[in-house]
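Reviewing the structure listed below.
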Amino acid sequence: MKENILIIGGGAAGMEAATQLQKLGQTPIIIEKSNALGGHVAQWDRLFPAFHPAKDVVEQMLANVKGVDVRMNTEVADIQRNENGFKAVLSDNTTIDAKAVVLATGFDLFNAERKQEYGYGIYNNVITSLELEKFFRTGKDERINNPKKIGFVHCVGARDVKVCNTYCSKVCCTTALKQACEMKEVFPDAEVYTFYMDLRMFGPGYEDLYLRTQKDFDVKCVRGRVCEVSEDMDGRLVIKAEDTLFGKPLKMTLDLLVLMCSMEKNKSIDAIQQKLGVANNSDGFMQIKDTYLGMNDTAKDGVFVAGTCTAPKSLPDTIAEARSVAVEVFNYINNR
Amino acid sequence: MDFGFCLSPSSHVKMDSVDLTTFNSLKETNPDINTCIACGSCTATCTAGNFTEMSFRRILLMLQRGKEEQAKKMIQKCMLCGKCTLVCPRGINIRKILLDITR
Amino acid sequence: MNQYIFHPFVLPFVLGMAFVLTYCLVGLLRIIAQLPKDDRKQFWRSLVTPKTAWANIRDLFGDCLFHVKIWKRNPILGYMHSSIAFGWFMLIAIGHVMLFTLKPLEGVDVQGFERTFTNCYYPIFYKHFATETPVFAFLMDFFLIVIITGIFIAVVKKIYSGMVGVKRVTKFGFADNMIRFALWTIFPFRLVAEKTNIMAFWWLYSIDLMIFMCLLPFTRYMHIPTEALFILLRHAGLKAREPRKGFALAQIYSCPSCGLCIDACPMSVNDKMSDNTSAYFMKKLRNKDSEEAQRIAETCLMCGKCVMVCPVSIESCDIKFSQRAATPYNINSDHSYLDVISTEAQRSGEISVNNPHVLYFAGCMTQLTPKIMRAMKQIMEAAGEDYEFIDKDGGICCGRPMLLSGKTAEAKAMIEKNTELIKKSGAKKLVLSCPICYKVFKEEYHLEGIEIQHHTQYIDELIKSGKLQVDKGDVNYVYHDPCELGRAFGVYDEPREVIESVGNLRKAKSEKELSICCGGSLGSFNLTQQERDEITENSVNDLMFNHPDEIVTACPLCLKTFARKSPVQVQDIAEIVCEKLKK
C-alpha cells in the first residue's frame, strides 16, 4: 500500500523520516514553516564531537530527500481525523489526506532574556550559543571584538526550577566545550572559562573532546553556576559565581559571555498538537507512549513523533529516531 | 590495625561515625534538602558572602559530614535576605532551612 | 418574691449573664494590667482627649453595631451583621426603656434588691409578665423580625456561602458551632414563646441564652464585648508588642472569625493553604496553640491584605511579627564585618565624595534584575541628574529581612551602618528601586534632610517637572501594586500616572489596596516553590483580567516572580519609561 504521510517539520528528524519512508515506498509530505529545510542544524557551523561541518550533513540529507513533496513556508492550519486517517488544511488553503502524521517539530532555543540576571539583551557582550555558531559560520558579529577573556555559562534555562525547566538539555555541555575550543582557535590569546555544574559527556568521542579541551586548548573549567552579571565602568562584564571546588565565591571580569541556552519544546505547534490529542509531559515536551519500546508512538493512533519534540536530543539520536519512526509508520500502514 | 599510637590525628571525615541527627531531623521538615546539586548559586549571590565566608552550600555539607558546630557558627553571618532562596535552581527554601538549623 | 414577676425559667439566663459579666470584667482588668506602663498611661489619657473620645464614640456605634466596614465590602454580609447586632441591641435598649415607662409593673411593686434582680431579666422576658403599649409592641416585634431575617442570611451563608458572595468560610470547631446554633435558635424561640406563651419555649429561650453566654468567652463571639475595648485601645495608638498579651490579647478576642480575610488572602488558592489565613492565626492564638500559631506566622506572606479588609481593623501582621520575635532562632548575627565594608567601600571609591544630589540604592534584589538598574541609570542621565549608585558592587542589606524574622537588634546594626554611609555622601535625595528597602528606609531609618523616594515617585516627579521627556505609546499596560509600596504606603497614583504618560493603563481585577501578592514575598519562610507558584498563577490571572499587552510592576521581586508565570511580558516601570524616553 502506498499512502500519504504528513510530516510536520523539515529539520533533521523530518528530512530523515521522509527519506526512509520514501525508500519504503510511501509518499511522505514535509510541511516546513520556514523557507528552507535543515532546521537548527543548518544554523550550526560545526558539530561535536569531531568538529564535522554541519553543512556537509545537511547537504547530504537534502540530497537524500530529493523527490519528496516539500511544502515550504507552510504550516498546518487545521487537522481532523477521519475514517481514512487525517485531513489537514494547510496555511495556503490546500488540503492533504494522510494515513499517518509524524510530528517532527523540534525545539525552540530558550529565550535567554528570561534569565535576566545573565544580562542577555541588556549588556552588549552577552550572546547565546546559537549566535556564536553564526559568528563561526559568517565570521561576523560586532559584539565579538577580539575578546581577551571569554566565559561560557552552562545550563541556561535548564536544570532550573526558577525558569520552570527542570530537565537537563543534554547537548549543551558538549556544545560548550566544542565552542570553547573553537574560540581558542579563533582567538588563541584569549583565556576561555566554562562554568559548569556537571559535565555530561555521554556519547562516543565526547569524553575525548573533554580531554582535548583541557590538554590541547587549555580551556579552564570552573565548577559553579554563574548567578549575577553586571557591567563595570569600561563596559566589561563582571560575573559572580561560586568556585565550588575551591569553596569561595569568585568574581571575574570578562569581555564576552556565551550562554548555553537549553532546548524547549517548540510551542508553535501547540494548537495542532491539541487537535491531534497529543499531551505534553511534565517537562513540556510531547508525551511518548513508552520510554523504551514506544519512543515514536503517542497515545493517539496514527500520530507518531520523532526528534527533539519529545526531549532534548543530539543529532545522532534524532537521526536514529527518525529512522525508527519510518519503520513504525510503515508497519502501522501495513497493519503489522 | 591499631599500634596504639599515631603521629597526628587522622584528617579523614569519619563517615562511619558521623552524627547525622541534625541533618536527618532537618530532612524531615525540609525534604528538599537532599536535592542540592552544589551549584554554588546561593553562595555566589549571598549578600553576606560578599564579605564573609558564609556559604549555604558548605553549611549543608558540614551538616552531612557531622560538623554541626562549624555550620552553626557560619550561620551567624547570615543577613536572612533570602536572595539564596530566590536563585536556587532546585527551588530549595534555603532561608527556612537556615532558620530551622538554628531553632 | 412575687411569683407574678418571677418564674424559674428566667434562672438559666440570669446565671449565664452573671457568668459572662464576671468573666468579662476579669478579662478587662487582666488586659489593662498586662499593658506596658507607658501604654497604659497613653490609654487613660486617650479616653479623656476630646479627639480620641469622639473617635471612640463614633466607632463604638459605627463598628460594633453597624459595622460600616462590612457594608462597604459586602452589603449582604453588612446587613446580616447589622440586623443581628443592632437589632439585638435595640431589643435590649427598648426593653429597658419600657421597664421605666411601665411603672408600676402590672399592679406589683417590688423594691430594693428584688427590684434590681427583676430588672435584669424583665426586659428579656417581659411578655410573659406584662403587656406593652402598641408602639412598643410594634417596635419589639419589628426588631425581632429584623434579627430573624439576619439569621436567615446567616443560615444561607452556612449552606451556600457563594450566594452571599463568599467563597471560603471559616471552619469552626465544636464550641463555635454549638454557640452559633444557640444564637440562631434564640430568636425564633423568643418569637414563638412571645406569640404562644407556651412554657416550654420560654424555657428553651432562656436555656439558649444561657448556653450562648456560657460559651461566649470560649468562642469567637467573645468579639462582642472585646471589640469595644479594642476600639478604645486602638484609638489610644497602641501597638502589639507580645503575641498574646495586653493589646494583642484584646485583638485576639476581638477577631470574630468572620472569614473576610480568608477570601482576601493570596494563599487561599487552595483549601490547604487557606488554613494559613489570619482568621485561623487568631483562632490558634486564642486557643493557645502556639506551635500552629508560630507555623502560620512563619508561612504568612505579610502582604497586609487581611489587615486591609478586616472589618475590626485587627493588625494581624503586627501580631505575627511579635510571634516571630518570640521564637528563639539562634542567629545572633555577628556583623562585625560591616565595619570593614564601609572602609573598603570608601577606599574603592564606591561612596563618592562629590556630594551627588541623588543617591540610588538598588538593593540586593535589584542586583538580580540588572535591567531595572540600567533603566534607572538611563533615566537619570536623560533627566540630567547629579547621581551616584551607592551599592553598585553589592552593599549591606537594608535590614528588612532581619526585621521580618523578628531580629530587631541585628537589623539595627545594618541600619546604622547604612545610615552612616548615606549621610557621609551628602546627598539630598535617596532613591530606591525595591519596595522592601523603601519600607524599611521610611520606617526605621533616620535620615534627616534626605528625601526618601521609591523610583515610581521619583520618575513621576521627573516627568511632572519636565526634566524627563517621554513619548506616549499605545501599549496597554496593567499595573501590579507591590504590597510594600501600595498597601504599606498608599503609593497608588504616582506609578499609574507614570504609566499613563507612556502608554494606556488597563485595570486589573483587584487593584490598589486589594492587589494580590505576587507570591514571591520575602515575608514567608515556609511556603514551598510549588505553593508560591500557585499564588503567582492566581495573581497573574487577576492582572490579565482586561487582557493587557504587558504587566508592569515596581518591585524587582514581583518582576522575577511574575516573569516565571506570565503569558505576557513583565517589565519594571523604569524599563517602560526608559523605552519611551524622547530621543
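The values are calculated or read from the model by the stated rules, or taken from the named source; none is laboratory data. Keep in mind the model is a prediction, meaning the values are calculated, not measured. We place every Cβ from the backbone using ideal geometry, glycine too, and count neighbours over all the protein chains shown.
The set of residues from the range B:35-51 being farther than 19 Å from A:A158 by Cα and under 15 Å from the mean Cα position of the chain (by Cα) comprises B:T43, B:C46, B:G49. Every test in (1) surrounded by fewer than 17 Cβ atoms within 10 Å (Cβ to Cβ); (2) under 30 Å from A:G14 (Cα atoms); (3) in contact (Cβ under 8 Å) with a residue 12 or more places away in the chain is passed by A:S169 save one, and that test is (1). In summary, strands (runs of 3 or more DSSP E) completely within the range C:465-583 and bearing 2 or more residues that are touching a His at 6+ places or on another chain (Cβ under 7 Å) and touching a residue at least 60 places away in the same chain (Cβ under 8 Å) occur at C:550-553.
Selection of the range C:536-559 for residues being within 14 Å of chain B (Cβ to nearest Cβ) and out of contact with any Asp or Glu (no Cβ under 6 Å at 6 or more places or on another chain) yields C:T536, C:C555, C:P556, C:L557, C:C558. If the condition is being assigned to a loop (DSSP other than H, G, I, E, B) and either of a type in the set (A, V, I, L, M, F, W, C) or more than 20 Å from the chain's Cα centre (by Cα) (or both), then the range A:267-290 contributes A:G277, A:V278, A:A279, A:F285, A:I288, A:K289. Within the option set B:L80, B:L98, B:L60, B:L86, being more than 9 Å from every other protein chain (Cβ to nearest Cβ) and either under 20 Å from C:G399 (Cα atoms) or without any contact (Cβ under 8 Å) to a residue 40 or more places away in the chain (or both) holds for one residue only, B:L60. The residues on offer are B:E68, B:E53, and the sole one that is within 12 Å of chain A (Cβ to nearest Cβ) and surrounded by fewer than 24 Cβ atoms within 10 Å (Cβ to Cβ) is B:E53. If only residues of the range A:230-249 that are among the hydrophobic types (A, V, I, L, M, F, W, C) and away from chain B (no Cβ under 11 Å) are counted, the one that is nearest to B:R57 (Cα to Cα) is A:V238. If the condition is being surrounded by fewer than 19 Cβ atoms within 10 Å (Cβ to Cβ) and either among the β-branched types (V, I, T) or not assigned by TED's automatic domain parsing to the domain that holds A:G224 (or both), then the range A:241-266 contributes only A:T253.
Just a yes or no: is a residue in the range A:26-33 surrounded by 16 or more Cβ atoms within 10 Å (Cβ to Cβ) and farther than 28 Å from A:S91 by Cβ? For the range A:26-33, residues surrounded by 16 or more Cβ atoms within 10 Å (Cβ to Cβ) and farther than 28 Å from A:S91 by Cβ: absent. If only residues of the range C:237-249 that are within 16 Å of C:R45 (Cβ to Cβ) and hydrophobic (A, V, I, L, M, F, W, C) are counted, the one that is surrounded by the most Cβ atoms within 10 Å (Cβ to Cβ) is C:F247. Please go through the range C:201-236 and give me each residue that is surrounded by fewer than 20 Cβ atoms within 10 Å (Cβ to Cβ), farther than 16 Å from C:L25 by Cβ and within 28 Å of the chain's Cα centre (by Cα), ordered by number. The answer is C:F218, and nothing else. Taken together, the residues in the range B:11-48 that are part of a helix (DSSP H, G or I) and within 14 Å of chain A (Cβ to nearest Cβ) amount to 8. Here the condition is being surrounded by 21 or more Cβ atoms within 10 Å (Cβ to Cβ) and small (G, A, S); of A:G205, A:G224, it holds for A:G224 alone.
Name the single residue that is nearest to A:L257 (Cα to Cα) among those in the range A:217-229 being more than 9 Å from every other protein chain (Cβ to nearest Cβ) and not in a strand (DSSP E or B). Going through the qualifying residues, I end up with A:V219.
The lone criterion from (1) touching a Lys or Arg at 6+ places or on another chain (Cβ under 7 Å); (2) away from chain B (no Cβ under 14 Å) left unmet by C:V440 is number (2). Restricting the range C:401-454 to residues that are among the aliphatic types (A, V, I, L, M), under 19 Å from C:C558 (Cα atoms) and assigned to a helix (DSSP H, G or I), the residue that is modelled with the lowest pLDDT is C:L404. Residues in the range A:5-42 that are among the β-branched types (V, I, T) and either over 19 Å from the mean Cα position of the chain (by Cα) or under 13 Å from A:V102 (Cα atoms) (or both): A:I5, A:I7, A:I8, A:T19, A:T27, A:I29, A:I30, A:I31.
The criterion of at least 2 residues that are among the aliphatic types (A, V, I, L, M) and more than 12 Å from chain B (Cβ to nearest Cβ) is met, among strands (runs of 3 or more DSSP E) falling completely within the range A:105-178, by A:126-128. Scanning the range C:488-531 for residues that are aliphatic (A, V, I, L, M) and in contact with a strand residue (DSSP E or B) (Cβ under 8 Å, 6 or more places away or on another chain) returns C:V491, C:I499, C:V502, C:L505, C:A508.
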